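Every read-out reported here was derived from the displayed coordinates using simple, explicitly stated rules and does not represent laboratory data. The model shown is predicted, which means the values in this text are computed figures rather than measured ones. Reconstructed Cβ throughout: ideal geometry from the backbone, glycine too, with neighbour counts over all protein chains shown.
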Amino acid sequence: MKNQEYIAILGRQPELGLVELESVLGAEQVEVFGRQAALIAEAVHADRLGGAMKVAEVLYRGPLTSLRNLPIDVAELPMRSEGKTPFAISAYGFKDTPKMLMAAGLELKKSLRARGNGSVRLVMASKGLAVSAAELHHNRVIEDGFELLVVASRSEMVIARTLGVQDIDWYSRRDYDRPVRSAKVGMLPPKLAQILVNSVQAQTVYDPFCGTGVIPQEALLLGRTASGSDLSDEMVTATRINLEWLGHQVSQKLPKWQADLADARQVVLPRGCAVVSEGYLGPNLIHAPTPAELTSIRRELQPLYMEALKSWAAQLPSGAEVSICVPAWHIGKVWHYLGLIDELPRLGYTLKSFRGVSAPLLYARADQVVGRQLLLLRKN
Ligand SMILES: C[S@@+](CC[C@H](N)C(=O)[O-])C[C@H]1O[C@@H](n2cnc3c(N)ncnc32)[C@H](O)[C@@H]1O
């Protein structure tokens, strides 16, 4: 394994962040560190990753100590020559109280002051032990100062300096400010779309269930050519309007895109593409379906996916990638799946495996009835 010089703080579902990092960097460049972080061999900007909130440069890796005795070399930390330097300290994987972290922050402030050049201002998390992206932006911590991350695994500790943080305002604009949104087809969070796009290598991404176009949107922002199609005329128009809008939101010229009317089971895929999609999730459910309802939903959806996957397999070359979200249902405390995994060999696909994660990959909130299972596949 290479020397892992950077650390990524993973999002709400760390396993999805790990899958993304392994896809982008290669499994041997990623080392799980504690429950919410991964050491990585290359710096990737957090904005290009849906599953990492912060990416930082490792300054120290060694045995775990208490927050009171952090082995920090203050001479390494950047201070402004004029004006106040804002700095923040965030801890991950520690059981200590915010008060303990505050004490560590104040200790550090004292040492920085003793360095003599300029004054410093300590920014602490308003809640918990980690300063949020919003708090960092608001206090210009990364621009004018620095944030230190203290990350614990079972027996080790990493101290790192944040290089980049996800731009949450921009995520929110491309989620909520798009001209066409649709509660009916469901809203795919841009971060999840980014994870799906990052899970494939191809330069061209095709979304055969494009809906309002979140996947093509995120693919274009990641520099991929993107096209999509949908069975509904209204949705094709929605994608077109949203992607036109996207073009006006960014200073760079977007790669080429296209949206057409087509049935996912009969669509002609562009040469060399990877299929990245969130398929039809069935009815919007507020309450868990009864066994009879679940049987009837499955009966409707299974053939749709089987036919679509079969038709794509007939067109894709060996090694081509398909990353698709399909529905899963939360009933009682158990997740029920569509049952496609057993069919994959017959359909001509292999489920990809990841070093730091075991299947099934699920994107869901605890209170949701319909979640999304991620099928990350390779054509045999
Ligand atoms: C869950 S939504 C996708 C939402 C999308 N990710 C977005 O960003 O808005 C599923 C989409 O599949 C479309 N759909 C359903 N059956 C289809 C089929 N057989 N072929 C193509 N599209 C289909 C629906 O019209 C709907 O827009």
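Some points to look at:
- Candidates L281, L340, L101, ranked by Gaussian network fluctuation over the chain, Cα under 10 Å, top entry: L340
- Percentage relative contact order, the range 169-379, counting C-alpha pairs under 8 Å, at least six apart: 19
- Axis angle, to the nearest 10 degrees, between helix 233-249 and the longest C-alpha principal axis of the chain: 30 degrees.
- Whole-number percent relative contact order across the chain, with pairs defined as alpha carbons under 8 Å at least 6 apart: 14
- Alpha carbon centroid spacing (whole Å) that separates the range 160-220 from the range 1-41: 20
- By the helix-only formula, in which each DSSP H run with n ≥ 4 contributes -39500 (n - 2.57) and the sum is divided by residues, the chain has a 222 nm mean residue ellipticity of -9000 deg cm²/dmol.
- Proximal charge balance of A262 [Cβ under 13 Å; K/R count +1, D/E count -1]: -4
- Of K184/K352; K95/K333; K191/K253; K127/K184; K95/K127, pairs whose Cα-Cα distance is over 24 Å: K184/K352; K95/K333; K127/K184
- Whole-Hz couplings from phi, Karplus 6.51/-1.76/1.60, listed for the range 57-72; x for Gly and Pro: 8, 6, 9, 8, 9, x, x, 5, 10, 7, 4, 6, 10, 6, x, 10
- Binned Cα-Cα distances of the range 220-325, short to long, each 5 Å bin given as a whole percent: 2, 10, 17, 19, 18, 14, 10, 6, 2, 1, 0
- Neighbourhood charge, 11 Å Cβ-Cβ cut-off, centred on H330 and excluding it, Lys, Arg +1 and Asp, Glu -1: +1
- Axis angle, to the nearest 10 degrees, between helix 98-115 and the longest C-alpha principal axis of the chain: 50 degrees.
- Rounded if a/c under 1.5, otherwise prolate or oblate - the range 270-312, Cα gyration tensor axes: oblate
- Taking the C-alpha atoms only, the angle from helix 291-315 to the longest principal axis of the chain is near 90 degrees.
- Legend: translational diffusion of the range 169-379 by Stokes-Einstein, Rh = Kirkwood radius over C-alpha pairs, 4 °C, 1.567 mPa s; D = 74 µm²/s.
- Selection from S90, Q194, V24 lying farthest towards where the dipole of the chain points positive, charges on Cβ: S90
- When the chain is reduced to its Cα atoms, the Kirkwood hydrodynamic radius in Å: 22.4
- Whole-Å distance, taken between Cα centres, linking the range 103-152 and the range 225-282: 43
- Listed peptides 229-235, 65-71 by packing density, highest first (mean Cβ within 10 Å): 229-235, 65-71
- Using only the C-alpha atoms, the convex hull of the range 6-166 corresponds to 103 Å³ per residue.
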